[in-house]
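Remarks on the structure that follows.
The values are calculated or read from the model by the stated rules, or taken from the named source; none is laboratory data. Keep in mind that this is a model prediction, so the values were computed, not measured. With ideal geometry, Cβ positions are generated from the backbone for all residues, glycine too; neighbour counts draw on all protein chains shown. Only protein heavy atoms, including side chains, enter the accessible area calculation; ligands, DNA and RNA are left aside. Shrake-Rupley method; radii C 1.70, N 1.55, O 1.52, S 1.80 Å.
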Amino acid sequence: QSALTQPPSASGSPGQSVTISCTGTSSDVGGYNYVSWYQQHPGKAPKLMIYEVSKRPSGVPDRFSGSKSGNTASLTVSGLQAEDEADYYCSSYAGSNIFYVFGTGTKVTVL
Amino acid sequence: EVQLVESGGGLVQPGGSLRLSCAASGFTFSSYEMNWVRQAPGKGLEWVSYISSSGSTIYYADSVKGRFTISRDNAKNSLYLQMNSLRAEDTAVYYCAREPDTAMVDYWGQGTLVTVSS
């Protein structure tokens, strides 16, 4: 059960955009449209930002968007704001044997 | 208001056991699939176990298979994780997580810390 691969860090200035990648295999990210993204501030529980690759739960700003191409999913945060500074994790369904797998996490810094 | 409140964490010696509980409120617990997800100190999230709404379908991560047992009591609106043969690498904050649809968690508890150390 290998974790999905994310870059350790990403950064951008306020108002800019940042895109985080999440690379898996054809057995997880590439095989299902069940990729989710979570935001986690220090000491807090994660918060769902994107589900089923590109859907946003109610209350999540439309500055957050998701996409997928092949075995790689991406989260884009547009119009960066100070409160977007957090850790971000992707996750994917991986079939009935492995079930779920999380990404390694990306720390987003707003410069 | 949806609430998930974990309890039962603490310090335990290697090889020991611990039972975590998660009390759910503010929603129809019996209608939702549930998960346990953990996070070692300073590390990323790791999925631990899944249980269907009825309890009839259960999955475990390879790292805990054979040592951990997930269960639920829909009459008591509660989720459990029995952890046996604990190892140092099981040290983590354990989150109870509600799954409204496939592979997504919309509510998380505040977490309970399990420390495995002699």
*Tell me, please, whether a residue that is in a strand (DSSP E or B), farther than 28 Å from A:PRO42 by Cα and either aliphatic (A, V, I, L, M) or touching a strand residue (DSSP E or B) at 6+ places or on another chain (Cβ under 9 Å) (or both) can be found in region B:13-29.*
no
*Given (1) within 14 Å of chain B (Cβ to nearest Cβ); (2) out of contact with any His (no Cβ under 6 Å at 6 or more places or on another chain), where does A:THR109 come up short, assuming only one miss?*
(1)
*Which residues, counting only those in region B:53-95, are in contact (Cβ under 8 Å) with a residue 60 or more places away in the chain, closer than 23 Å to A:SER96 by Cα and touching a Leu at 6+ places or on another chain (Cβ under 7 Å)?*
B:TYR80, B:LEU81, B:MET83, B:TYR94
_Tally up the residues in region A:90-106 that are at the interface with chain B (Cβ under 7 Å from one of its Cβ atoms) and open to solvent by 30 Å² or more (accessible area, probe 1.4 Å), please._
2
